[in-house]
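Working notes, beginning with the structure itself.
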């Protein structure tokens, strides 16, 4: 089996998507389940997902549980079209997450996408986020908003991922989970959830460790997520959330060259083992949100949070290696006012608010030998903050037409004070301002068909990490990187031919100026610059239906043509107009057939009991690794099998889970490191692998 193959994958992809769509339409006559889901991300107030005038999907608790050991967002969010989550098999660098191509440049963490957990930002003011901030074992649902309306969340051109911790049940319960799998994977979780009087509590503690598929990829993680809910008064509801993420070890296997990939995909990259390349992270965050109902038509929402994050990373930079240490404090507040009123006899829903967030970090660095610090050659204080005002209104302007309009004004400031040398190389300050208007129109054709069109203007600032180096990875505050601006156009349709069937389809175009791209990536140090222009056009399709009362089909497909619209020079290379943006699969498809011994009804009574079995098909297109498009990885097709069985234990339950991923043992590249200077682009995915798990829930 080879990693470099020539395929006519586009035709196969379209045929597969069409076949699955026909299957969906055929099955839409079955009646057994209601596909109702409520979302808040599109309008900042609860509404039906079907009525939201935007491309938005919600992934529920049952899906999260059945998708795997609940370690990575990629397990369950691969069923959201337009959202690409590539598992690097490298917990030192997190997942590679992009929405409509935004964020694909990231060498680590998440860029260009706003992360929220229980309404509290998990993204710093400069736009840097970590997917591992979300504790999946206690998450009730995850919403993904793409397109123009996401621009109302500020410094995030790609979209919004928002997670919600489960609510405490009336009957207290204790839950425990344990998983094991290939490559020495172990996962445990312990959870209490219940109410005592007016107080609800969810307390969840989980552990995860793995030897990893590749050499030098051993990881250990511990995570706690707690949520306390209570009513401060008859009209005031308060949530207090505390979470801790402790990763004492995450070895970094680095990327591989094409020759290394062909010889042994499980090996670590050059010098990863000898130089002890790894990362250590400890993060604590405490936050609170409050909802006060003024009357039936008005409410106020407020949030306040504070957190710390310590990050130590050993890199291959230099002759013997290097290290970077970040000690960060971050905090923020927000205030939002919601109102229902009338204008010209028509109902209008208003939302207006203000958000302020700040992070301060001590950045240090120096040389290292065999994974041990030997010198300190960098010492500076960095700060990022945003100050944003926003307003949004939506109204049913006629019996068939609704309108949404909004505006957000954002200011982002990045500063650095060099405490090491007096040459000023580490010092600087830069500020970005942007107005982000959005406008959307929905035509309610029938009760089961909505058509919508949206426009939005967005922006995306560089992060502190993206201005930390200039030139050939020289440590210096780089103020030459501009914020990117983008124009988003979107047209879509939502069709629910029966109560248990739904099909969403969206086409879009995005034109960007000053797109932030990787200039070079070497030894763990990335430098960035602006490309003069890019264009993204694409479509997204999602559907779900019951073929029979016991068989459900799910489909998510997307295709994107993301290109540089103007020729520019990057180092010694010329990037031609028409070249594909790297790190973005040109097409992606996920489909699932799920059978259950119990009837799949909308009722949650007895949910999870009995047997379930499913098959998942995933297809991805070609993945370019650099701006010049001289290096790429072929697309792939994988199959996964899963099964579970739930037994009632009095009022509790015991559920067994089993999965086999990459059933056909396909050898493929799962992700790439964009513009890696030594051509170590490739991050291979594992072959056939398995997971087994048990989950126990007992009432108290």
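Which one of these is in contact with a strand residue (DSSP E or B) (Cβ under 9 Å, 6 or more places away or on another chain), crowded, with 19+ Cβ neighbours inside 10 Å and under 29 Å from residue 285 (Cα atoms): 461, 387? 461 is the lone residue from the list that is in contact with a strand residue (DSSP E or B) (Cβ under 9 Å, 6 or more places away or on another chain), crowded, with 19+ Cβ neighbours inside 10 Å and under 29 Å from residue 285 (Cα atoms). One residue alone among 141, 195 is under 22 Å from residue 237 (Cβ atoms), in contact with a helix residue (DSSP H, G or I) (Cβ under 7 Å, 6 or more places away or on another chain) and either in a strand (DSSP E or B) or touching a residue at least 12 places away in the same chain (Cβ under 8 Å) (or both), and that residue is 141. Checking each residue in region 100-113 for being surrounded by 24 or more Cβ atoms within 10 Å (Cβ to Cβ) and either in a loop (DSSP other than H, G, I, E, B) or more than 8 Å from the chain's Cα centre (by Cα) (or both) picks out 100, 101, 102, 103, 104, 105, 106, 111, 112. Among (1) outside any strand (DSSP E or B); (2) closer than 23 Å to residue 50 by Cβ, there is one condition residue 540 misses while meeting the rest; what is its number? Result: residue 540 fails condition (1) only.
Just name the residue that is surrounded by the most Cβ atoms within 10 Å (Cβ to Cβ) out of those in region 567-612 that are at pLDDT below 90 and assigned to a strand (DSSP E or B). Checked region 567-612; the qualifying residue surrounded by the most Cβ atoms within 10 Å (Cβ to Cβ) is 570. Is it true that residue 693 is under 25 Å from the mean Cα position of the chain (by Cα) and closer than 23 Å to residue 173 by Cβ? Yes.
Can you confirm whether residue 497 is in a strand (DSSP E or B), out of contact with any strand residue (DSSP E or B) (no Cβ under 7 Å at 6 or more places or on another chain) and at pLDDT 90 or above? Spelling it out, residue 497 is indeed in a strand (DSSP E or B), out of contact with any strand residue (DSSP E or B) (no Cβ under 7 Å at 6 or more places or on another chain) and at pLDDT 90 or above. Just one of the listed residues (82, 68) is in contact with a helix residue (DSSP H, G or I) (Cβ under 7 Å, 6 or more places away or on another chain), at positive phi and either at pLDDT 80 or above or crowded, with 22+ Cβ neighbours inside 10 Å (or both), namely 68.
The conditions of being surrounded by 18 or more Cβ atoms within 10 Å (Cβ to Cβ) and either at negative phi or in contact with a strand residue (DSSP E or B) (Cβ under 6 Å, 6 or more places away or on another chain) (or both) are not met by residue 340. List, please: which pairs have Cβ atoms under 9 Å, are six or more places apart or on different chains, and start with a residue in region 578-598 that is at positive phi and in contact (Cβ under 8 Å) with a residue 60 or more places away in the chain and end with one that is buried (at least 22 other Cβ atoms within 10 Å of the Cβ) and assigned to a loop (DSSP other than H, G, I, E, B)? Final answer for the pair search is 583/101; 583/103; 583/104; 583/105; 583/106; 583/625; 583/673; 583/674. Considering region 632-668, and only residues there that are part of a loop (DSSP other than H, G, I, E, B) and more than 27 Å from the chain's Cα centre (by Cα), the residue that is nearest to residue 592 (Cα to Cα) turns out to be 664.
Of all the listed residues (411, 442), the sole one being surrounded by 21 or more Cβ atoms within 10 Å (Cβ to Cβ) and in contact (Cβ under 8 Å) with a residue 12 or more places away in the chain is 442.
The values are calculated or read from the model by the stated rules, or taken from the named source; none is laboratory data. It should be emphasised that the depicted structure is a prediction, and the values quoted were computed from it without experimental measurement. Heads up, the Cβs are rebuilt from the backbone with ideal geometry, glycines too, and the neighbour counts pull from every protein chain shown.
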